[in-house]
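Student: Before I ask anything, here is the structure I am working with.
Since every read-out is calculated from the coordinates, none of them should be taken as a lab result. What you are looking at is a predicted structure, and each value in this text was computed from that prediction instead of being measured. Reconstructed Cβ throughout: ideal geometry from the backbone, glycine too, with neighbour counts over all protein chains shown.
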Amino acid sequence: MSVMDYKWSGLHHLFMTMFLHSFATYMVIPAITDITMSALCPGRDECSLAIYLTGFQEAIIGLGTLVTMPLMGNLSDKYGRKSLLMVPMTLTIIPLGILAYSRTRKFFYVYYVFRTLIAMVCEGTAHCIAFAYVADNVPEGPRAAAFGIMSGIGSAAFVCGTLTTRFLSTSLTFQVAATVALLAAVYLKVFLKDSIIDDSLSVPIISNGKLSASTKIEGQSVRDVQPFKTMPSLKDMVSLLRSSPTFTQAAIVAFFSNLADFGLHGSIMYYLKAKFHFDKNQFADLMVISGVAGTISQLLFMPILAPAIGEARLLSVGLLFSGLHVPYAAAMFSILFVFAQPCMRSIVSKQVGPCEQGKAQGCISGLCSFAHAVSPLAFSPLTALFLSEKAPFSFPGFSIMCIGFASMLSFIQSVMMRVDPPVSSHTHK
């Protein structure tokens with residue numbers, strides 16, 4: 001059975017929701033470096049303050065999502081994916097709206113604060129819950145292909161968003177992004193059906209009906225249940241990570257691969273701005289090259305390759321080319337390195353039961369968030385130092401080389417990983 005044959009009518013609403021949400025968030029990426037530089041260091045192409053502030057923000061966001069991501073995943077197991085998806089979909093609109101209104105220094109700092117606080121809850125949450133939604137509705141066989149399509153939708157949104165930015169003014173970019181983010185939240189509310197594993201154990205947080213006093217959840221009436229008591233403890237997370245050797249190894253791969261990904265994202269734009277005087281349009285061009293290759297790969301090649309060679313081998317291929325990825329010269333390597341994340345998510349989803357998909361995806365996302373926090377602390381000072389006149393030796397791309405080493409560590413671990421048989425899933429109708 002192919003992924004296209006299974007509950008496609010339900011998944012296409014999820015795909016559309018995620019496309020709109022990703023389009024809105026991705027289209028501002030090429031512009032945000034120019035906004036930050038003009039607000040903090042107007043008229044300059046190198047600014048250590050901008051690099052440090054961005055690194056500090058990313059570290060705080062990573063620490064916040066380290067706590068909130070497992071919580072949101074676990075809550076989605078209990079109360080349904082749709083209700084929890086509404087949280088990031090709605091809150092994401094606020095920082096976009098601030099810069100849509102004004103991009104002066106004062107409003108930049110307002111945006112900076114709101115974006116930091118909101119991203120501590122929302123950064124990556126939508127994708128984490130979306131992967132759990134896909135796992136709810138697709139059996140093990142075609143699940144890697146379904147995760148690839150899910151990631152391909154994100155890549156397509158990335159291409160469309162950055163390409164749109166290429167032809168819009170900076171002010172109009174944020175206005176369009178805020179509008180599309182609002183449309184994504186409305187579309188989710190109206191069209192997406194919820195995905196609840198076990199109706200006897202779960203009720204939506206937002207319900208149109210009245211709950212019976214006799215309804216029980218784990219021995220308690222629904223009205224007595226406090227959502228934040230479902231927060232997984234550190235012991236629960238460690239137990240989940242140790243539940244199988246495959247899960248443990250996948251967690252290590254997730255940490256190092258995301259350490260490299262976040263490090264590259266945080267360093268490369270300031271490097272290109274300082275050394276090659278890139279602007280919004282050139283950033284968009286670079287992202288479109290990478291995004292087009294990734295979209296084609298995930299939507300066309302991954303559904304074919306995943307069943308043929310296995311997601312574990314495909315994961316290693318993706319991580320190998322991730323380590324070799326550099327701007328322009330190897331931007332087309334993204335046709336291969338985009339395999340890594342959906343393969344890793346699929347492997348993890350098969351190591352837990354159907355009622356723990358949100359917890360498992362949240363656990364991996366939490367580790368990715370930890371990498372998000374560590375990465376700027378490690379690489380932002382290196383980037384700022386080697387782009388400044390105080391560098392101990394002339395090597396402007398030194399931090400990027402270190403990021404490549406981190407990526408290769410994840411590749412080595414993936415080669416050593418042995419995938420256990422999947423946990424038996426629930427029977428799909």
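Student: Mind checking the full-extension length gain between Val238 and Leu385? Use 0.36 nm per residue of separation minus the Cα-Cα distance, one decimal, nm.
Tutor: Working: separation 147, 0.36 × 147 = 52.92 nm, distance 3.67 nm.
Full-extension gain reported as 49.3 nm.
Student: Which loop-located trypsin sites (Lys or Arg not before Pro) does the stretch 293-393 contain, where loop means any DSSP state but H, G, I, E or B and the Cβ has at most 11 other Cβ atoms within 10 Å?
Tutor: Sparse-neighbourhood loop trypsin sites (Lys or Arg not before Pro): Lys390.
Student: Which order do the peptides 292-301, 259-268 take when ranked by the mean count of other beta-carbon atoms within 10 Å per residue, highest first?
Tutor: For the peptides 292-301, 259-268, the packing ranking is 259-268, 292-301.
Student: At 4 °C and 1.567 mPa s, what whole-number value in µm²/s does Stokes-Einstein give for the translational diffusion of the stretch 1-116, with Rh from the Kirkwood sum over Cα pairs?
Tutor: Once the numbers are plugged in, D ends up at 77 µm²/s.
Student: How much FRET efficiency would the formula 1/(1 + (r/R0)^6) give for Asp285 and Arg418, where r is the Cβ-Cβ distance and R0 is 45 Å, rounded to 0.05?
Tutor: Numbers: r = 41 Å, r/R0 = 0.92.
The computed FRET efficiency comes out at 0.65.
Student: For the stretch 387-420, state which chymotrypsin sites (Phe, Trp or Tyr not before Pro) are in a DSSP loop and have at most 13 other beta carbons lying within 10 Å of their beta carbon.
Tutor: Phe393
Student: Enter the Cα centre distance for the pair the stretch 295-316 and the stretch 9-34, rounded to the nearest angstrom.
Tutor: For the stretch 295-316 versus the stretch 9-34, the Cα centre distance is 23 Å.
Student: Determine, from the Cβ-Cβ distance of Leu299 and Lys106 and an R0 of 35 Å, the FRET efficiency 1/(1 + (r/R0)^6), rounded to the nearest 0.05.
Tutor: The formula returns an efficiency of 0.25 here.
Student: Would you please give the FRET efficiency between Thr179 and Phe276, computed as 1/(1 + (r/R0)^6) with r the Cβ-Cβ distance and R0 = 45 Å, to the nearest 0.05?
Tutor: Efficiency, rounded to the nearest 0.05: 0.90.
Student: Anything over 29 Å Cα to Cα? Flag those among Lys273/Lys359; Lys106/Lys359; Lys189/Lys359, in the order listed. Numbers along the way, then the final one.
Tutor: On the way: Lys273/Lys359 40 Å; Lys106/Lys359 39 Å; Lys189/Lys359 23 Å.
Listed pairs above 29 Å: Lys273/Lys359; Lys106/Lys359.
Student: Let me ask another. Roughly what would the spin-label model give for Leu49 and Ser394, points 7 Å off Cα along C-beta, in nm?
Tutor: 2.9
Student: What distance in nm separates the two pseudo spin-label positions at Cys355 and Phe56, each 7 Å out from Cα along the beta-carbon direction?
Tutor: Taking the two extended label points, one gets 4.6 nm.
Student: So what's the gap between the Cα centers of the stretch 373-424 and the stretch 334-361, to the nearest angstrom?
Tutor: Between the Cα centres of the stretch 373-424 and the stretch 334-361 lies a distance of 22 Å.
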